[in-house]
Each structure stands twice: as C-alpha cells, then as structure tokens.
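Before any comments, here is the structure.
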Amino acid sequence: MVLPDTQPLDIATYNYYRGSIYLGLERFEDAMAAFRKVLTQPANVLHQVHQDAYDRLTLLSLIIHGKKYELYGSGIYQYLKTKLRLQEQKRAQQGNDGMIYEPEAVED
C-alpha cells in the first residue's frame, strides 16, 4: 500500500536504501533487484539517486557476474550522465551549486 502523498522520488529513494541494506547484509541478488527497481521506475526527472543506484548496480554486477550491467542497451547510462551533467552546469551557472558539496569543518 502506498500512502496518498507519496512521490515517485520517495519510492525510488526507498528502493535505493533497501538495496543498500541488502548490500550490507551481503544479499547481493536482492540488492541488485532493489537497484533495478530504482532505474526502471518511471520518472519525469533524473535525480542523483538514479545515478547512485546505477553505479552500485554496475559494481555488484561486476562482482557477481564478472560483467558490466546493461540497461536495455548502452544508451541509458550515457543519458543519465548527460542529464546529471546538465543539471550540475545549470546549478553552477545560477550560483546554486554550493549546497551540493560537503561542508568543511568549522573551527572555533
């Protein structure tokens, strides 16, 4: 059951964290299935969670199967990379990129 105010990004984030937990428990096939759900769920906008899920899925595939995971052909990865790069450039042009970096430690 999905709550009425649930957004697609909430579901993608849930599946990403579910995959991360399975990864920590060394349930690799379950982790791969969760990361696949993130990538195959319809979405209007690509988010960092999609990129991270693809990266983890690729790494798991290399560890388990010895080959890179392909999503319906090689074009989807390039599409993800291009979209995320364009979003980063837009944030930088608008001066909004400061919040995406980890803050440095503040000394008293």
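The values are calculated or read from the model by the stated rules, or taken from the named source; none is laboratory data. As the structure is a prediction and not an experimental result, all values here were calculated from the model. A quick note on method: Cβ atoms are made from the backbone with ideal geometry, for glycine too, and the neighbour counts reach across all protein chains shown.
Kindly list the number of the only condition in (1) surrounded by 11 or more Cβ atoms within 10 Å (Cβ to Cβ); (2) over 14 Å from the mean Cα position of the chain (by Cα); (3) modelled with pLDDT of 75 or more; (4) of a type outside the set (Gly, Ala, Ser) that fails for Gln93. Of (1) surrounded by 11 or more Cβ atoms within 10 Å (Cβ to Cβ); (2) over 14 Å from the mean Cα position of the chain (by Cα); (3) modelled with pLDDT of 75 or more; (4) of a type outside the set (Gly, Ala, Ser), only one is false for Gln93: (1).
Scanning region 22-60 for residues being assigned to a helix (DSSP H, G or I), without any contact (Cβ under 8 Å) to a residue 24 or more places away in the chain and over 19 Å from Pro8 (Cα atoms) gives a total of 6. Residues satisfying the criterion are present in region 53-62 (criterion: under 22 Å from Thr6 (Cβ atoms) and at pLDDT 80 or above).
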